Amino acid sequence: MARTKFSIEKAFEELDEILERLDDPKLSLSDSMEYYKKGVKLLEKCNQTLDKTEKEIIVLQEGKDGSIPERED
C-alpha cells in the first residue's frame, strides 16, 4: 500500500475532529482513550514537522558568515 504524504493542515483538521468527539459526554472511556492516543500521536508528528521546518528556515536565513539572525519577538 502506498504511503500518503503527511500534511500538517490535514492533521490539524483531524485534531479538531478528535476534540469534538472527545467533548461528547456519551463517548465511552475506551473510545475516549483511543481518540486521546491518536491525538497525542498526531500532535507529536505536527511538532516534529514544525521543528524540522524551523530548522530549515534557520539554515536558509543564516548569514554568509554563518551567524543566525536574531529573532524579533
| task | Determine which member of the set L29, L60 is exposed (fewer than 11 other Cβ atoms within 10 Å of the Cβ), at negative phi, modelled with pLDDT under 95 and over 18 Å from the mean Cα position of the chain (by Cα). | result | L60
| Close pairs (9 angstrom Cβ cut-off, 6 or more residues apart or separate chains): in contact (Cβ under 8 Å) with a residue 12 or more places away in the chain and assigned to a helix (DSSP H, G or I) in segment 6-28, small (G, A, S) and surrounded by 12 or more Cβ atoms within 10 Å (Cβ to Cβ) anywhere | E14/G39; L15/G39; I18/G39; L19/G39; R21/S32; L22/S32; L22/G39
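The values are calculated or read from the model by the stated rules, or taken from the named source; none is laboratory data. Computed from a prediction, not measured in an experiment: that's the story for all the values here. Cβ coordinates were reconstructed from backbone atoms using ideal geometry, including for glycine residues, and neighbour counts include every protein chain displayed.
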